[in-house]
Amino acid sequence: MFGLDKKDTRLLILVAILVALAPFLLNPFPEGSAMAQFNAGYPDLMQRFVIFGIFAIGFNILFGLTGYLSFGHAAFLGVGSYAAIWMMKLLTMNVIPAIFVSVIVAGIFSLAVGWISLRRSGIYFSILTLAFAQMSYSLAYSVLTPITGGETGLQPKVNDPRVLDGALAEGATPKANLFGLEMGSSFEWSVGGWLFTFNAGYYLAAVVMLIAFYMSIRIFRSPFGMMLRAVKSNQQRLNYTGLNAKPYTLAAFVISGMYAGLAGGLMVAMDTQVGAERMFWTASGEVVLMSILGGVGTLIGPVLGAGAIKYMENILSKINKEILHQWFAFMPDGIEDILVSLVYPFIGKGWHLTLGIIFMLVVIFLPGGLVEGGQRVARLFKRKKPAEDGPDGKTTPAE
Amino acid sequence: MSKTNLTRRGVLKTGAVAGAGFAAPTIFTAQSAAAFTNEPTGSSVTLGFNVPQTGPYADEGADELRAYELAVEHLNGGGDGGLMNTFSSKALQGNGILGKKVEYVTGDTQTKSDAARASARSMIEKDGAVMITGGSSSGVAVAVQALCQEAGVIFMAGLTHSNDTTGKDKKANGFRHFFNSYMSGAALAPILANNYGTDRKAYHLTADYNWGYTTEEAVRTSTEAMGWETVAAVKTPLTQTDFSSYIAPVLQSGADVLVLNHYGGNMVNSLTNAVQFGLRDKLVNNKNFEIVVPLYSRLMAKGAGANVKGIFGSTNWHWSLQDEGSKAFVKSFGTKYGFPPSQAAHTCYVQALLYADAVERAGSFNPCAVGEALKDFQFDGMGNGPTLYRGEDHQCFKDVLVVKGKENPTSEFDLLEIVEVTPVEQVTYDASIFGGELGSCNPGA
């Protein structure tokens with residue numbers, strides 16, 4: 001289907017089903033129960049899952065296929081976001097032009113950055129991209145304050161021009177919409193103790209993510225993708241055969257920059273605000289973590305990694321001491337206090353610590369990321385068949 | 001292979017059952033009846049405390065969280081009642097808010113707008129918070145305030161000093177108790193003129209972001225009105241940790257006052273550098289060289305140590321104030337945590353109480369009703385003397401403290417002494433000077 005082989009079609013359909021049913025899958029615990037703390041099925045987090053999924057898929061096209069480790073991808077995300085918010089301020093609150101322009105602008109910017117950075121490879125390339133990203137961040141934070149809003153960022157204001165939109169009703173605030181359908185609008189369905197939220201913005205982002213995912217499969221399976229893998233496995237050998245690798249790597253860099261811009265544009269479409277922190281180097285590092293945690297060079301890995309990190313950032317960080325005491329309330333007082341003080345460093349503000357530990361465990365025991373973990377589990381259940389290799393497009397070095 | 005028998009009767013039956021199944025639960029959906037976002041229907045109400053728990057302002061954030069926990073305890077009738085006893089409005093009974101027990105959720109802003117908004121949205125969408133409060137930087141405050149306006153909940157700003165929060169970025173659903181850059185400038189200028197004379201030459205070092213700009217502008221305007229001259233204003237990167245290269249040119253410039261428009265770690269480093277360079281022992285234009293820090297906090301004074309001695313600045317509140325409200329707050333905070341509260345803790349505690357009181361007086365959690373109750377609300381007994389919540393921009397107007405680094409501190413908390421309490425008339429300004437649209441309140445839903 002769609003020019004994919006059977007295995008890839010199955011993967012795409014599986015992802016589509018997961019994404020469509022996310023409001024159910026992420027809300028397994030009834031409202032008001034003690035476990036409701038772990039529910040992730042609210043619009044903001046679901047949107048973040050798919051948006052950062054797009055970001056990571058794009059990053060993986062560069063890092064997973066060519067092996068070029070960019071440490072400045074957040075800059076493209078930020079540039080895309082700024083482009084999108086300006087579209088909303090100047091043209092219309094409809095998200096289509098915003099998303100479209102964010103991809104274009106991020107593409108142009110990544111062409112410029114890639115043109116310079118790709119003159120070097122390895123660590124020098126990483127440092128160059130990091131330098132560009134930090135430069136963009138500093139510019140956005142202070143020097144370019146008139147266009148970026150500096151520290152306070154940009155938001156649509158009531159008195160922005162918005163030439164394509166009609167005048168706002170008295171007292172109304174500008175809201176991002178898709179031909180009138182507001183991104184923030186949700187349909188809530190409560191069954192028994194459960195409350196499922198179906199959010200318009202989430203489904204828009206989910207559709208875009210599926211398209212992005214499909215395109216990434218096509219790139220992975222194309223001759224172009226094969227060239228990129230060749231770059232990763234041995235660029236010198238490629239050069240000796242008379243091929244110039246630069247156009248291929250630059251194309252991959254620009255494509256992944258456009259993916260980042262798309263993610264940035266979607267972030268603005270879901271939540272109409274941009275701040276310069278979005279371009280900070282830790283944000284660039286985060287997408288590297290997502291890819292590695294999920295599985296570099298695999299199709300679904302980066303999406304899983306993005307989900308895992310965003311889940312921890314949003315769910316673990318909100319557990320506080322009070323909630324721990326409720327959980328362990330059934331224990332005798334002394335033991336309760338000991339348990340709480342044992343768990344406390346890993347939740348709330350300690351979520352970074354938990355993330356770090358999980359990251360270490362994954363890198364040490366599952367070098368292929370969460371995807372490898374899944375494969376190992378799957379292999380346990382069908383031990384009889386010989387393990388198939390390379391279902392995920394992972395490459396093995398040529399030598 | 002399973003065999004499917006499609007009969008007309010079978011299809012109709014399944015259709016009817018499925019239809020009923022889908023329709024039944026929606027009858028019980030409470031959301032459709034709600035008049036505003038997250039209307040509390042049970043026996044409790046949830047507030048969202050969104051403070052920086054990691055990042056550069058984690059100290060302030062931790063103190064804010066302590067204050068909020070204390071406020072919740074007092075609202076629910078626990079502890080000694082704190083400021084509820086001295087507060088001029090007596091609507092709060094200590095039985096929660098409108099009889100509903102106060103519960104809270106916490107989040108980490110990381111001092112990043114994106115993270116702060118993500119955390120605030122999860123409080124609104126997932127936990128059903130009806131009010132969001134906290135924060136320790138203006139960027140975050142402006143971002144979260146806009147979010148709350150869109151979502152239809154009240155935002156009670158925490159520590160945010162930039163003019164923008166209630167200036168060009170003000171919102172009908174947002175309220176600020178903390179003072180701002182303009183007030184700092186207006187309060188400091190007369191004290192500076194009295195102590196250092198009216199013919200000084202000032203050199204500004206300004207943190208290169210919005211808060212720095214508004215503070216520099218405020219101090220410049222008010223000191224120049226006193227007759228001072230501004231020799232130069234140099235912007236320093238926010239991430240700078242060594243200011244030596246910025247301090248060296250100060251002496252060549254012929255300036256005799258250095259104004260450090262820095263906050264937090266920036267201020268600690270720049271002040272330390274300036275003192276190490278011996279600026280304060282210099283004699284320029286036959287006058288002693290002086291240093292001024294427009295926004296002071298106890299936590300910063302602690303970081304800079306002995307270097308703050310004798311240096312002027314302004315602050316929103318200080319625990320050594322001797323009015324009934326301040327004493328009551330310091331006592332209940334000290335009893336619970338063992339040390340005096342910072343100004344961040346004070347403003348957050350007061351904001352939580354002001355919100356609860358406004359809900360009681362309005363008789364509803366509806367953001368529009370609460371906004372109406374807070375509008376032009378006059379109160380006293382919260383530690384800052386008589387205070388007005390101005391309706392035009394949702395900014396509190398109250399006395400501003402001018403403080404000075406203490407020469408002989410008696411403890412690690414006793415670092416600042418109050419030089420003067422600048423009366424509110426002197427720091428009041430016209431609401432329209434910063435531009436911006438307040439808009440109208442949004443109850444959401």
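The values are calculated or read from the model by the stated rules, or taken from the named source; none is laboratory data. Just so you know, these numbers come straight off a predicted model, no measurement behind them. Here Cβ is always computed from backbone atoms with ideal geometry, including for glycine, and neighbour counts include all displayed protein chains.
Some points to look at:
- Boolean, B:F179 is aromatic (F, W, Y) and either free of Cβ contacts under 8 Å to residues at least 12 places away in the same chain or outside any loop (DSSP other than H, G, I, E, B) (or both): no
- Selected residue (only one of B:N195, B:N273, B:N261 is closer than 17 Å to B:L295 by Cα and among the polar types (S, T, N, Q)): B:N261
- Residue in region B:428-435 that is assigned to a loop (DSSP other than H, G, I, E, B) and at pLDDT below 90 present: yes
- Against the test of being surrounded by fewer than 20 Cβ atoms within 10 Å (Cβ to Cβ), within 25 Å of A:K157 (Cβ to Cβ), modelled with pLDDT of 95 or more and not acidic (D, E), the options A:I108, A:I104 yield a single qualifying residue, A:I104.
- Set B:C368, B:C441: member being at pLDDT 90 or above and not assigned by TED's automatic domain parsing to the domain that holds B:T272: B:C368
- Subset tally (residues that are more than 8 Å from chain A (Cβ to nearest Cβ), modelled with pLDDT of 90 or more and either surrounded by fewer than 24 Cβ atoms within 10 Å (Cβ to Cβ) or farther than 13 Å from B:A151 by Cβ (or both)) for region B:110-120: 1
- Residue match in region A:246-259 (condition: within 14 Å of chain B (Cβ to nearest Cβ), in contact with a Ser or Thr (Cβ under 9 Å, 6 or more places away or on another chain) and among the hydroxyl-bearing types (S, T, Y)): no
Yes or no, residue by residue, for (1) among the basic types (K, R); (2) closer than 17 Å to A:K310 by Cα:
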{"site": "A:R10", "(1), (2)": "yes, no"}
{"site": "A:V19", "(1), (2)": "no, yes"}
{"site": "A:L26", "(1), (2)": "no, yes"}
{"site": "A:P30", "(1), (2)": "no, no"}
{"site": "A:M35", "(1), (2)": "no, no"}
{"site": "A:A40", "(1), (2)": "no, yes"}
{"site": "A:Q47", "(1), (2)": "no, yes"}
{"site": "A:G53", "(1), (2)": "no, yes"}
{"site": "A:F59", "(1), (2)": "no, yes"}
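- The single condition among (1) more than 16 Å from A:Y68 (Cα to Cα); (2) aromatic (F, W, Y); (3) over 14 Å from the mean Cα position of the chain (by Cα) that A:Y248 does not meet is (1).
- Highlighted here are the helices (runs of 4 or more DSSP H) found entirely within region A:268-346 that include at least 2 residues which are over 24 Å from the mean Cα position of the chain (by Cα), more than 9 Å from chain B (Cβ to nearest Cβ) and closer than 26 Å to B:L65 by Cα: A:321-327, A:333-343.
- In region B:57-78, residue nearest to B:R117 (Cα to Cα) [restricted to those that are surrounded by fewer than 18 Cβ atoms within 10 Å (Cβ to Cβ) and away from chain A (no Cβ under 12 Å)]: B:N76
- Selection of strands (runs of 3 or more DSSP E) fully inside region B:39-151 by the criterion of at least 3 residues being within 22 Å of the chain's Cα centre (by Cα) and touching a residue at least 60 places away in the same chain (Cβ under 8 Å) returns B:44-51, B:131-134.
- Filter result for B:T198 (hydroxyl-bearing (S, T, Y), over 26 Å from B:C396 (Cα atoms) and part of a loop (DSSP other than H, G, I, E, B)): yes
- Candidates A:S102, A:S126, A:S110: the one that is within 30 Å of A:D165 (Cα to Cα) and either in a helix (DSSP H, G or I) or out of contact with any Cys (no Cβ under 8 Å at 6 or more places or on another chain) (or both) is A:S102.
- Counting residues in region B:376-383 that are buried (at least 24 other Cβ atoms within 10 Å of the Cβ) and closer than 28 Å to B:G264 by Cβ gives one or more.
- Residues that are in contact with a helix residue (DSSP H, G or I) (Cβ under 7 Å, 6 or more places away or on another chain) and more than 9 Å from every other protein chain (Cβ to nearest Cβ), drawn from region B:121-142: B:A129, B:M131, B:I132, B:T133, B:G134, B:G135, B:S136
- Selected residue (only one of B:T4, B:T29, B:T46, B:T14 is on the phi < 0 side of the Ramachandran plot and modelled with pLDDT of 80 or more): B:T46
- Pair list, Cβ < 6 Å and 6+ apart or interchain, from region A:155-174 residues that are away from chain B (no Cβ under 11 Å) and more than 26 Å from B:V153 (Cβ to Cβ) to residues that are among the aliphatic types (A, V, I, L, M) and assigned to a loop (DSSP other than H, G, I, E, B): A:L164/A:L91
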